[in-house]
1. Would you check if there is a residue in segment 50-58 being touching a Pro at 6+ places or on another chain (Cβ under 6 Å) and open to solvent by less than 30 Å² (accessible area, probe 1.4 Å)?
2. Just checking, how many residues over segment 148-167 are modelled with pLDDT of 85 or more and of a type outside the set (A, V, I, L, M, F, W, C)?
3. Among the residues of segment 168-183, count how many are open to solvent by less than 50 Å² (accessible area, probe 1.4 Å) and at pLDDT 65 or above.
4. Being over 19 Å from V194 (Cβ atoms) and in contact with a Gly (Cβ under 9 Å, 6 or more places away or on another chain) is the filter here; which residues of segment 22-57 pass it?
Amino acid sequence: MEFFSNLLSPIENLLQFVLGGLYDFNSMFGLVSYGYAIILLTIIVKFLLYPLTVKQVKSMKAMQELSPKLKKLQEKYKDNPQMMQQKVAALYKEAGVNPLAGCLPLLVQMPILMGMYYSLYNLEYPSADAAQFLWLPSLSESDPYYILPILNVLTTFYQTRQTSDMSNPQMKMMMLVMPLFIGFISLNFPSGLVLYWVVMNLCQILQQIGRASCRERG
C-alpha cells in the first residue's frame, strides 16, 4: 500500500489541491462539505474524458457489428490459432476498428480512482462539517449503511446494459458479475471514492440517453 501511495503521490496531491479549491468555491454558496466538491470534480473529469468516451462507445458498437464475422473466423480457424489471429487482425484493420479503444476511458480513470482513494484517505478536513455529506459521517470512511455500494451496483449494471450486446452470452454474464464485484469492493472503500464512482456512472448513463435521443430525432 505504501508503494502505491508513494507512486501516486503527485496525483494525490493534485486531487487534494483541486478538491480544496472546489470546496472553497462551493462554501461561498453555503455548500460546506467535500461531498459537493467530489461531485463537481467528477463532472469536470467526465467532461474532460468525453472525447475518449465517444471513441469507447463507437468502438464497442463496431465490435458488436463485427461479432458475427469474428465468430465465423473463430470457427473456421479454430485449429489454426496463428491464422485466426492474422484474419482477425485483418478484419479489424479493414473495418477501421481498434479493440483497445474501448478500454481507454477505464485506463485513464484507474490512476484517478487510485489517487482519489489515497487523497481521501489522507485528507485533513478543515472542519467536521466538511467531512460529512448527507447520511455519511465521513467521506474518508466507508458508507455505514451500504447505500453508495448498492447504488454503485445498480448504476454499473444499468450503464453496462446500455452498451452491451445482449445477444452475447459472455456479455450477459459479465453484465451480472462485474457490477456485483464492483459493489463488493466498494464496501470498504472511502465513501467519497464510491460517491465519485456513482456520479461518474450517472453521467455516463445520461450521456448515453442523450445520444440515443439525438439518434432518434435524426
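The values are calculated or read from the model by the stated rules, or taken from the named source; none is laboratory data. What you see is a predicted model, and the numbers here were worked out from it, not measured in a lab. Here the Cβ positions follow ideal geometry from the backbone for every residue, glycine too, while neighbour counts run over all protein chains shown. Ligands, DNA and RNA are stripped out before the accessible areas are found, and what is left, the full protein with its side chains, is counted by its heavy atoms. Shrake-Rupley method; radii C 1.70, N 1.55, O 1.52, S 1.80 Å.
1. Scanning segment 50-58 turns up at least one residue that is touching a Pro at 6+ places or on another chain (Cβ under 6 Å) and open to solvent by less than 30 Å² (accessible area, probe 1.4 Å).
2. Qualifying residue count, segment 148-167: 5.
3. 4
4. Listed by number, the residues that qualify are K55, Q56, V57.
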